[in-house]
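S.K.: Pasting in a structure now, in structure tokens, and then I'll have a few things to ask.
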Amino acid sequence: MFIGREKELKALKSVYEKEGFGMTVIYGRRRVGKSTLIKEFVKDKKVIFYTATKVGPERNLELFTKQVLDVLEPSISDATFPAIESVLDLISARIQDEDKKTVLVIDELPYWAEKDEALLSILQKYIDTMWLQNNMMLILCGSTLSFMEKKVLSEKSPIFGRRDSQIKLEAFNYKDSALFVPDYSAEDKAICYGVTGGVAKYLALFDPKKSLDDNIIKLFFTSDGYLYDETRNLLTQEFSDITLVNNIIEQVASGENTLNNIASKVHEKDTTVLYSLEKLIDVGLVEKKKCITEEKNKKKTQYVLKDHMFSFWYKFIPKAVSVIEMGQGEIYYEKIVKPRLHFFMGGVFEEMCRYYTLEQGITGMFGSIITETGTWWGTELLTDDNGKKYQQSADIDVVGLSSVDKTAVCGECKFKNEKIDKEIYETLIRRSRLLAGNYLIKKYLLFSLSGFSKWFDNVDKTDLLLISLCDLYL
């Protein structure tokens with residue numbers, strides 16, 4: 001069953017239905033569902049669908065030729081062509097008088113184009129001279145974000161300006177992820193999102209008829225589980241030296257988030273680590289996190305894992321390899337992992353709440369038009385019981401800003417089996433004042449898994465919203 005992606009299907013349909021030639025570029029990290037999206041879109045259409053592989057330009061040409069002939073000239077499907085131009089000439093001739101639009105898909109384009117620098121220029125020539133007046137749609141797709149952005153989409157690309165649309169396919173948000181397990185409780189839906197990161201392939205592996213625990217055990221904590229070895233499989237596909245990359249990810253997952261600290265921990269030069277970090281950003285596994293009110297301050301930059309599944313894996317799997325290989329992964333999960341799931345979900349829940357804040361805030365729900373969300377961190381000056389002043393680090397989980405009128409909302413998130421009490425509210429109020437010089441705080445938001453103490457029954461809620469996990473799924 002195909003789930004979600006209505007916006008992306010609508011965008012593809014719009015290009016398909018335009019008269020003459022149309023082109024869409026689709027890109028995003030591995031396993032996110034790009035090929036599945038394309039297959040859903042073309043299932044009732046005439047399509048030539050080729051997925052490139054890391055076999056060099058000559059072999060890619062052979063395999064592409066066979067795919068084209070299987071669709072357009074099956075009687076000579078064993079024929080070979082000396083150059084890609086010959087194959088594209090055939091496509092051009094066959095679609096010239098077609099009433100029904102032909103869709104040409106080249107999936108995993110970087111695998112071919114990285115080794116054949118002329119490929120994009122050749123495509124550009126055929127778009128400009130042969131295809132513009134033809135009833136045809138071209139879809140170029142790839143998982144290497146840096147290649148797709150720099151070689152396909154940038155102004156320096158031979159095909160720049162030819163596309164009608166581009167789709168950067170992201171992981172599912174927490175709401176769409178819940179569609180894969182519709183009968184789960186809100187808490188279990190959230191955890192399912194947390195351990196899969198909303199990645200389409202991983203969500204599709206969840207059996208909605210089985211419990212959350214059973215699915216996690218099967219996928220992560222058995223030696224034949226799909227996600228037991230998934231991080232190594234992904235890194236092997238992307239990196240030649242996975243030992244260094246693995247060490248870097250381990251440090252980021254453990255909370256080391258500055259270049260100097262990471263380099264020190266893995267005993268490598270800053271430049272070496274930075275190169276790997278930038279590649280990890282390119283493939284969508286790591287992101288640079290910036291303080292929302294000081295985005296130009298390079299000192300306030302942190303490297304964090306963008307992929308929640310990687311966070312879960314590095315937190316729990318490396319220490320459990322021996323017991324999983326012995327067939328005791330279920331015991332490890334029940335005794336070690338399950339009691340710590342709420343702690344793991346802390347950061348995931350914060351990200352969910354930021355998404356909710358932006359989604360609701362853009363509509364004006366909080367008294368201002370929220371145009372961006374993020375986190376804030378810095379220091380606050382406090383006074384102890386003896387009147388002595390001291391500094392301590394401080395952060396705000398959710399900050400939503402309005403670029404329209406310089407207003408803000410601030411929120412705190414707790415994914416715990418305990419109700420939020422007045423102390424958390426008062427801390428949020430205090431820390432929000434650190435933003436008040438530049439922004440007028442319109443609302444204070446408290447997000448809670450387990451609800452709120454009775455103390456809030458008598459609190460003025462004019463500027464306060466109490467939001468439960470269930471509210472996030474309404």
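The values are calculated or read from the model by the stated rules, or taken from the named source; none is laboratory data. Because the structure is predicted, anything quoted here is derived from the model rather than measured. In this analysis, Cβ positions are derived from the backbone assuming ideal geometry, glycine residues included, and neighbour counts consider all displayed protein chains.
S.K.: Between a first residue in the range 234-249 that is without any contact (Cβ under 8 Å) to a residue 24 or more places away in the chain and a second residue that is charged (D, E, K, R) and not in a helix (DSSP H, G or I), which pairs have beta carbons less than 9 Å apart while being 6 or more apart in sequence or on different chains?
M.R.: Between residues of the range 234-249 that are without any contact (Cβ under 8 Å) to a residue 24 or more places away in the chain and residues that are charged (D, E, K, R) and not in a helix (DSSP H, G or I), the close pairs are Asn247/Glu268.
S.K.: Suppose the filter is of a type in the set (Ser, Thr, Tyr) and touching a helix residue (DSSP H, G or I) at 6+ places or on another chain (Cβ under 7 Å); does Ser14 pass it?
M.R.: no
S.K.: Pick from the range 407-427 the residues that are assigned to a helix (DSSP H, G or I) and of a type outside the set (D, E, K, R): which of them is farthest from Asp471 (Cα to Cα)?
M.R.: Ranking the qualifying residues of the range 407-427, first place goes to Thr427.
S.K.: Within the range 369-391, work out how many residues are part of a strand (DSSP E or B) and charged (D, E, K, R).
M.R.: Number of matching residues: 3.
S.K.: Taking helices (runs of 4 or more DSSP H) that fall entirely within the range 152-247, which contain at least 3 residues that are closer than 25 Å to Ser35 by Cα, modelled with pLDDT under 95 and under 18 Å from the mean Cα position of the chain (by Cα)?
M.R.: 230-238
S.K.: Would you mention how many residues in the range 428-457 are closer than 13 Å to Cys353 by Cβ and in a helix (DSSP H, G or I)?
M.R.: 1
S.K.: Of everything in the range 49-72, what is charged (D, E, K, R) and within 29 Å of the chain's Cα centre (by Cα)? Give them in sequence order.
M.R.: Listed by number, the list holds a single entry, Lys54.
S.K.: For Gly364, work out the one condition from (1) more than 30 Å from Ser432 (Cβ to Cβ); (2) in the same structural domain as Lys443 (by TED's automatic domain parsing) it doesn't fulfil.
M.R.: If we test Gly364 against (1) more than 30 Å from Ser432 (Cβ to Cβ); (2) in the same structural domain as Lys443 (by TED's automatic domain parsing), just (1) comes out false.
S.K.: Could you check the range 400-419 and list, in sequence order, the residues that are of a type in the set (Ser, Thr, Tyr) and closer than 14 Å to Lys443 by Cα?
M.R.: Result: Ser402, Thr407.
S.K.: Would you tally the residues in the range 96-155 being touching a strand residue (DSSP E or B) at 6+ places or on another chain (Cβ under 6 Å) and among the small types (Gly, Ala, Ser)?
M.R.: Counting residues in the range 96-155 that are touching a strand residue (DSSP E or B) at 6+ places or on another chain (Cβ under 6 Å) and among the small types (Gly, Ala, Ser) gives 1.
S.K.: Is it the case that Glu278 is more than 19 Å from Leu227 (Cβ to Cβ), in contact with a Lys or Arg (Cβ under 7 Å, 6 or more places away or on another chain), of a type in the set (Asp, Glu) and loosely packed, with under 15 Cβ neighbours inside 10 Å?
M.R.: In short, no.
S.K.: Could you give me the residue pairs with C-beta distances under 9 Å whose first residue belongs to the range 336-347 and is farther than 15 Å from Glu418 by Cβ, whose second residue is in a helix (DSSP H, G or I) and acidic (Asp, Glu) wherever it lies, and which are 6+ apart or on separate chains?
M.R.: Lys338/Asp213
S.K.: Given the options Asp78, Asp89, Asp99, name the one that is in the same structural domain as Gly161 (by TED's automatic domain parsing), of a type outside the set (S, T, N, Q) and not in a loop (DSSP other than H, G, I, E, B).
M.R.: Asp89
S.K.: Under 7 Å between Cβ atoms, which residue pairs at least 6 apart in sequence (or on different chains) link something in the range 266-290 that is outside any helix (DSSP H, G or I) with a partner that is aromatic (Phe, Trp, Tyr)?
M.R.: What qualifies is Leu285/Phe310; Val286/Tyr303; Lys288/Tyr303.
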